[in-house]
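This report concerns only the one structure given below.
The values are calculated or read from the model by the stated rules, or taken from the named source; none is laboratory data. Quantities reported herein were computed from a predicted structural model and do not represent experimental measurements. Positions of Cβ are backbone-derived with ideal geometry, glycine not excepted, and every protein chain shown enters the neighbour counts. Remember, those area values only see protein heavy atoms, side chains included, never the ligands or the DNA or RNA. Shrake-Rupley method; radii C 1.70, N 1.55, O 1.52, S 1.80 Å.
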Amino acid sequence: NITVFNEREQTTAKVYEFEGSTVKDLLAKLKLNPEAFLVVRNHEVITEEETLGDNDYLELLSVISGG
């Protein structure tokens, strides 16, 4: 049971059936490109390899690049 806030879409959703364990697994389940988002938990950016726990609240922040 993980709650995800997606800044780009301004939506909050609960992920109930999550069989993976890492941020990378979660992004794959949500069909999101890991390079397009920063994942924040408890006001700290976490990596794709970070293990997620039950009842985590994550914020997906859009990465903006310019040239």
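Observations on the structure shown:
- Surface exposure of the chain, expressed per residue as accessible area with a 1.4 Å probe, stands at 70 Å².
- Between GLU7 and GLU35, residue separation times 0.36 nm minus the direct Cα-Cα distance comes to 8.6 nm.
- With the charge dipole of the chain set up from +1 on Lys and Arg Cβ and -1 on Asp and Glu Cβ about the Cα centre, the Cα lying farthest toward the positive end among the listed residues LEU30, VAL40, GLY20 is that of LEU30.
- Fraction of accessible area attributable to carbon and sulfur, the chain (%, probe 1.4 Å): 47 percent
- When both the stretch 36-67 and the stretch 1-33 are represented by their alpha-carbon centers, they are found 10 Å apart.
- Projected label distance in nm at ALA28 and VAL45, using a 7 Å step from Cα toward the beta-carbon: 2.3 nm
- Three-way shape call for the stretch 12-61 based on the alpha-carbon gyration tensor, with the a/c threshold at 1.5: rounded
- Expected 222 nm ellipticity per residue - DSSP helices of 4 or more, -39500 (n - 2.57), all of the chain, to 500: -2500 deg cm²/dmol
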